[in-house]
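Q: Let me begin by handing over the structure; questions about it come next.
The values are calculated or read from the model by the stated rules, or taken from the named source; none is laboratory data. Note that this is a predicted model, so its numbers are computed, not measured. Cβ placement follows ideal geometry from the backbone for every residue including glycine, while neighbour counts extend to all protein chains displayed.
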């Protein structure tokens with residue numbers, strides 16, 4: 001009995017000691033102040049100010065010396081976005097009638113053991129779906145109207161006033177902070193983290209106001225076009241270096257004064273294009289997943305329209 | 001002097017963090033645990049950020065960023081806890097046995 005009681009504290013102490021050892025070892029093997037830099041870091045420090053007029057060596061590496069890597073990463077992300085959008089796209093409007101759903105319905109019925117199972121819904125969820133379909137196009141987002149204590153399904157499309165108020169206060173601050181990350185070239189990474197922050201702002205708005213309210217503002221077509229614009233800008237900038245200076249990702253833009261918004265030349269332009277590319281790409285992916293939903297055919301309406309000839 | 005004040009404020013934050021961690025481990029149900037984790041951020045992290053502001057000054061590069069993060073945490077942390085707890089209550093997650101107040105239920109029944 002005493003042994004069982006001691007098991008948890010012993011195990012806890014052992015784990016804490018192990019973590020403490022690892023952290024201690026890490027702290028004591030950190031490079032000292034005067035330690036020599038690795039070659040890549042030294043090179044970045046040496047060329048950052050004279051060649052690029054930037055005081056952020058990380059950006060010099062990401063968008064300058066290693067611009068080709070970032071280029072590859074960007075288009076990997078683009079390919080992933082295209083993949084997700086293609087897989088999750090909703091049914092397209094058709095010009096011709098193929099009737100494959102009607103033709104396959106007999107087989108489907110056999111597999112599912114009759115319609116009832118496939119189409120069975122609880123009355124509450126059916127009513128909620130009906131409601132959702134009814135105000136698909138217009139109207140302000142619905143607030144939670146059911147009382148906190150009740151057990152009925154939540155039909156609200158927006159969250160409570162606490163959440164909406166908090167997010168309304170925070171979202172502008174976060175959006176400005178995100179753009180700031182990329183606009184002044186001092187923050188490591190520039191456009192990549194800034195794009196992720198802007199996606200976070202869109203997600204916060206989605207959480208507070210619901211999918212439909214946000215999708216009225218964040219339109220898929222606009223996002224897709226913006227993303228392609230960002231990608232085209234990146235290709236243009238990089239190839240310009242190849243054509244004009246004979247080297248991919250070489251600087252072709254005038255360098256501004258150090259520590260101003262225009263310092264960094266091509267680094268800043270690349271970073272800004274990256275901001276557009278990453279924020280629109282991530283938002284597209286998230287909204288593609290969110291709007292997947294169920295995409296079943298309304299069998300009744302099809303029967304009315306096309307099944308008459310049979 | 002300035003550094004001493006900063007260290008004192010950071011120590012206050014650390015104490016609240018410690019008590020919050022103990023609370024998360026020891027509290028009996030979700031609602032009380034959420035309360036502890038909320039305190040961890042509001043009274044644990046924000047004093048540390050304020051300590052940075054005191055040590056470096058509010059308009060310095062470090063201080064201004066710390067203020068920004070403190071503002072975001074200050075607003076978003078209660079909002080997140082509120083949404084989490086509300087969803088938990090809607091899902092019907094029970095309070096610990098021996099809880100004495102359940103105002104929504106009293107309102108519903110009374």
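Q: Restricting the range B:91-106 to residues that are part of a loop (DSSP other than H, G, I, E, B) and within 11 Å of chain A (Cβ to nearest Cβ), which is farthest from the chain's Cα centre (by Cα)?
A: Filtering first and then ranking leaves B:92.
Q: Quick one: in the range A:232-261, which of the residues that are touching a helix residue (DSSP H, G or I) at 6+ places or on another chain (Cβ under 7 Å) and either surrounded by fewer than 17 Cβ atoms within 10 Å (Cβ to Cβ) or free of Cβ contacts under 8 Å to residues at least 24 places away in the same chain (or both) is farthest from residue B:61 (Cα to Cα)?
A: If we take residues in the range A:232-261 being touching a helix residue (DSSP H, G or I) at 6+ places or on another chain (Cβ under 7 Å) and either surrounded by fewer than 17 Cβ atoms within 10 Å (Cβ to Cβ) or free of Cβ contacts under 8 Å to residues at least 24 places away in the same chain (or both), then A:247 is farthest from residue B:61 (Cα to Cα).
Q: Another one. Scan B:76, B:14, B:30, B:25 and give me the residue that is in contact (Cβ under 8 Å) with a residue 40 or more places away in the chain and over 25 Å from residue A:186 (Cα atoms).
A: Going through B:76, B:14, B:30, B:25 in turn, just one is in contact (Cβ under 8 Å) with a residue 40 or more places away in the chain and over 25 Å from residue A:186 (Cα atoms): B:30.
Q: May I ask you to verify whether residue B:48 is within 14 Å of the chain's Cα centre (by Cα), farther than 27 Å from residue A:207 by Cα and more than 10 Å from chain A (Cβ to nearest Cβ)?
A: yes
Q: I would also like to ask the following. Looking at (1) in a helix (DSSP H, G or I); (2) within 30 Å of residue A:70 (Cβ to Cβ); (3) away from chain B (no Cβ under 11 Å), find the lone condition where residue A:189 falls short.
A: It fails just one condition, (1).
Q: When the residues of the range A:172-186 are narrowed to those that are at the interface with chain B (Cβ under 10 Å from one of its Cβ atoms) and either within 17 Å of residue A:49 (Cα to Cα) or crowded, with 17+ Cβ neighbours inside 10 Å (or both), which ends up modelled with the lowest pLDDT?
A: For the range A:172-186, the residue satisfying everything is A:186.
Q: While we're here: Kindly evaluate residue A:217 against the criterion of being away from chain B (no Cβ under 14 Å), surrounded by fewer than 16 Cβ atoms within 10 Å (Cβ to Cβ) and either in contact with a helix residue (DSSP H, G or I) (Cβ under 9 Å, 6 or more places away or on another chain) or closer than 30 Å to residue B:84 by Cα (or both).
A: When the stated conditions are applied, residue A:217 passes them.
Q: Further question: Of the residues B:19, B:37, only one is under 22 Å from residue B:83 (Cβ atoms) and part of a helix (DSSP H, G or I); which?
A: B:37
Q: Which residues, taken from the range A:26-53, are in a helix (DSSP H, G or I) and surrounded by 10 or more Cβ atoms within 10 Å (Cβ to Cβ)?
A: Those that are in a helix (DSSP H, G or I) and surrounded by 10 or more Cβ atoms within 10 Å (Cβ to Cβ): A:40, A:41, A:42, A:43, A:44, A:45, A:46, A:47, A:48, A:49, A:51, A:52.
Q: Can you tell me which residue among B:80, B:88 is under 29 Å from residue A:207 (Cβ atoms), part of a helix (DSSP H, G or I), within 12 Å of another protein chain (Cβ to nearest Cβ) and touching a helix residue (DSSP H, G or I) at 6+ places or on another chain (Cβ under 6 Å)?
A: So the residue among B:80, B:88 that is under 29 Å from residue A:207 (Cβ atoms), part of a helix (DSSP H, G or I), within 12 Å of another protein chain (Cβ to nearest Cβ) and touching a helix residue (DSSP H, G or I) at 6+ places or on another chain (Cβ under 6 Å) is B:88.
Q: Also: Give the range A:187-212 a look and list any residue that's more than 25 Å from residue A:289 (Cα to Cα) and crowded, with 21+ Cβ neighbours inside 10 Å, or say none.
A: Correct list: A:190 only.
Q: Look at the range A:54-88 and say how many of its residues are surrounded by fewer than 18 Cβ atoms within 10 Å (Cβ to Cβ) and within 18 Å of residue A:186 (Cα to Cα).
A: Total satisfying the criteria: 3.
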